[in-house]
Amino acid sequence: MGTTEAAKVLGITDRAVRLAITQKRLHATSLHGRWRIAPEDIEHFKAAKAA
């Protein structure tokens, strides 16, 4: 999924998702200049955020 969809799932802004990616707190892959985030990585991020 992209950063906008991830932001909706996480309840944060698109910018916050991109910041988490650049800070290496959320794993993502750049594909053709766009960030792609696996659903498993969203779940890991949510778990880490809740801890």
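Counting only residues that are in a helix (DSSP H, G or I) and either modelled with pLDDT of 95 or more or touching a Gly at 6+ places or on another chain (Cβ under 6 Å) (or both), how many does the chain have?
24
Out of the stretch 15-51, which residues are surrounded by 14 or more Cβ atoms within 10 Å (Cβ to Cβ), aliphatic (A, V, I, L, M) and touching a residue at least 12 places away in the same chain (Cβ under 8 Å)?
Answer for the stretch 15-51, where residues must be surrounded by 14 or more Cβ atoms within 10 Å (Cβ to Cβ), aliphatic (A, V, I, L, M) and touching a residue at least 12 places away in the same chain (Cβ under 8 Å): Val17, Ala20, Ile21, Leu26, Ala28, Ile37, Ile42.
Scan the stretch 1-14 and report the pairs whose first residue is surrounded by 13 or more Cβ atoms within 10 Å (Cβ to Cβ) and whose second residue is polar (S, T, N, Q) and part of a helix (DSSP H, G or I), with Cβ atoms within less than 9 Å and a gap of 6+ or a chain change.
Cβ pairs passing all conditions: Asp14/Thr3; Asp14/Thr4.
The values are calculated or read from the model by the stated rules, or taken from the named source; none is laboratory data. Since this is a predicted model, take the numbers as computed values, not measurements. Glycine also receives a Cβ, built like all others from the backbone with ideal geometry; neighbour counts cover every protein chain displayed.
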